[in-house]
Structure formats: structure tokens, C-alpha cells
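Asks: First the structure, which I've put down as C-alpha cells, then a few questions once you've had a look.
The values are calculated or read from the model by the stated rules, or taken from the named source; none is laboratory data. Just so we're clear, the structure is a prediction, and the values are computed from it rather than from any experiment. So basically every Cβ, Gly included, is an ideal-geometry build from the backbone, and we count neighbours across all protein chains shown. Please note that ligands, DNA and RNA were not included when accessible areas were found on the heavy atoms of the full protein model with its side chains. Shrake-Rupley method; radii C 1.70, N 1.55, O 1.52, S 1.80 Å.
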Amino acid sequence: MLEWLDRLFPQSKRIHLQRNPLAVAASYKKVNRHTGEGFELIRSLKSPNLNMKAVDLTLGMLRLNDYFADKHTNAYEVQYEQLVSNPRDEMEKLCGFLGIGYEEGIEQYGRFADSTKSNMFYSMGVGDPFLSSHQEAHKDSVNNWKNILDPQEVEFYCRVMGADLFHRMGYSVQLEEAEQWTGVRYEAGPDEEVIAKLDRQFSEATGCSWQHGYRMQPVDVADGTQDGNNNNPGTSEPEAIDPTLAALATIRQLEAALRAADNRLERGYNERERLKAQLASAHSKIQRIKSLIPFGNQLSAWASQRKILRGGKS
């Protein structure tokens, strides 16, 4: 989407949220284990079929770091580990970059969980499913990759990504920890064979392609602005809102709400079917146990009658 975004919003501000690649891989494994989908890191990277999670963890991460490789006045980089360690300071700096005022308590997102927009966000089923269990940023997940990934997964993933990526992102210490844990010193560059395979799978499945090594584009200053900051004192009048665009925006919001409702219904149906299957399995086990006990059905009936006679308190 990067080339498309550059054309659509050439003067927009871009925020690059960095995180230790091993922690990102561990988060994928943790979240998908929670949702019941399952995610096997090595198998997904080796799969002969397209796996979008594998694409995100490899091509996506390499591509984003290429995109933000050059300094740009409209780009801002923040590390996840710094954000959760000092959320207020980091949010103040981020607001400064965006040109908006910092609001007291903005980093305590749990305070606004009951708002309409928050309800719509949570209902869409996107992002981290554990987000709603916290009121504000925390450091519990900073180094949990050591508890979630095993040494074989760490070794294979580091081989695929290459050491240079960790150094460029500012995670040399974490790479050294991985090397000590696995006993392997990783090559500088990524595994070109695996990367080329994933690139080919993605292109064949989607029909999409991208410019390799693509960088964030310079801003066009022909309209009197410089790098997205309007320094022309003669343009203080606000632009009139196009009613057609406003209507389209409302339609998009309603469509998002409808998709969110569909997602809730689908998740509710799937959960109901899962519980029905568990209940049927439990009934089956009970019947098998009864069949092994002499007079099992009579004892069960007697126990039920006794419970009813005693007001359901037995």
C-alpha cells in the first residue's frame, strides 16, 4: 500500500512504530493461539502456499524499514519498548510531531473504552485481542518472546530476516541475546531464497507487485507548502467541506459499523457451535461412563429426583 498512500496522501504524516522483530513474531503466535487459529512460525515460512502472516512478518517488515530508511520531515519513528516504558513522554513528543496539543490522560486509553468509537473499534475484531484487558500501556510483553518462541523458531526467523535488519531497527542487543540462546551467529543479509519465494507467492496470489527498496517520496512543494507544513501566511481561511465527500465519509463509517456487526454475529455463531460440540462430547463421555457402572442410569435418575426434592441444593 505504500506507493498508493504516497500518491493519495503525499503530504500526510507517517508514524513508524518499531518493535523487536522477535517480539512481533511471538505476538503473532500468542494471539493466534488465543483465537484458536494456531500459527506455526517455521511451517508458515516454509509453506509452498501463500501465508499472509508469514508475508507480514518478513516482506512487510523489511519493506517498512526500507520505506522509512531515509530521514523525512513527515516521518516519525517510535519504538514500542520506549512507548510502553514512558507513554506520557512519548505521546507528548508524538503530538508535537503531528502539530496537535497533548491532552491529559491520552495514553490511558482504557478510560474511553465505553465511547461509541471505541465500541466500534473493539467490535471489529482487529488488532490485539488482549488490548481491552488493560487500561493503559504496560511493559509485560517487552521480553516475552523468550517465553513464547522456542530456540528453533528464533534461529530460523533470525536467519530469514538477517542481522542487518535488527541493527538498523535498533535491536542489536536483542539479536545478541538470540545468538547466545541459539548458539548461532547470523548472516548480515536476509535469506534471499525464502524472501524470493514469499514475494513470488504473494504476487501470484494477489496480482500485486511493488517497487523493491521503495522509499518514502519527497513532498511536492509546487502548491506553496514545504514538507506538509503550510508556511504561507496568506492561507488562513479554512477550506469548505465538500458535501459529497462528507456523505461518502458517513457511508464508509456506516459500512464499517455493518462489517463490525457481521463480525460479531459470525464470532457469536462460531462460539455457539464450539460450545455445542463441547456439550455433545461431554454428554457422550457421561453416557460411556454410565454404561460401565452397574445401574448407572437408575443411580443418575435417583440423584436427579433427590436434587429436585431438596430444592436443587444437593
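Asks: Work out the FRET efficiency for S281 and N147 from their Cβ-Cβ distance, taking R0 = 30 Å, and round it to the nearest 0.05.
Replies: Given R0 = 30 Å and the Cβ-Cβ separation, E is 0.45.
Asks: Between S172 and E266, what is the spin-label point distance in nm, taking each point 7 Å from the Cα along the Cα→C-beta axis?
Replies: In this crude spin-label approximation the distance works out to 4.5 nm.
Asks: Separate question: So, for region 43-189, what is the accessible surface per residue at a probe of 1.4 Å, expressed in square angstrom?
Replies: 56 Å²
Asks: Can you spot the lysines whose alpha carbon is less than 30 Å from K146's alpha carbon? Ignore those fewer than 8 places along the same chain.
Replies: Leaving aside lysines fewer than 8 places away in the same chain, those within reach of K146 are K29, K30, K46, K53, K197.
Asks: With each label point set 7 Å from Cα along the Cα-Cβ vector, what nm distance links L5 and A75?
Replies: 1.1 nm
Asks: What nm distance separates the two modelled labels at C95 and M124, each placed 7 Å from Cα along Cα→Cβ?
Replies: Modelled inter-label distance: 2.4 nm.
Asks: Another question about this same structure. Given 0.36 nm per residue, what is the gain on full extension from E136 to S115 after removing their alpha carbon distance, in nm?
Replies: Contour length minus Cα-Cα distance gives 6.0 nm.
Asks: Please give the residues of region 203-217, grouped as numeric ranges, whose backbone N is less than 20 Å from a label point set 7 Å along the Cα-to-Cβ vector of E192.
Replies: Residues passing the 20 Å test: 203, 210-214.
Asks: Hey, another quick one. If you add up the charges near S284, with Lys and Arg at +1 and Asp and Glu at -1, over every other residue whose beta carbon is less than 14 angstrom from its beta carbon, what do you get?
Replies: Local charge sum for S284: +4.
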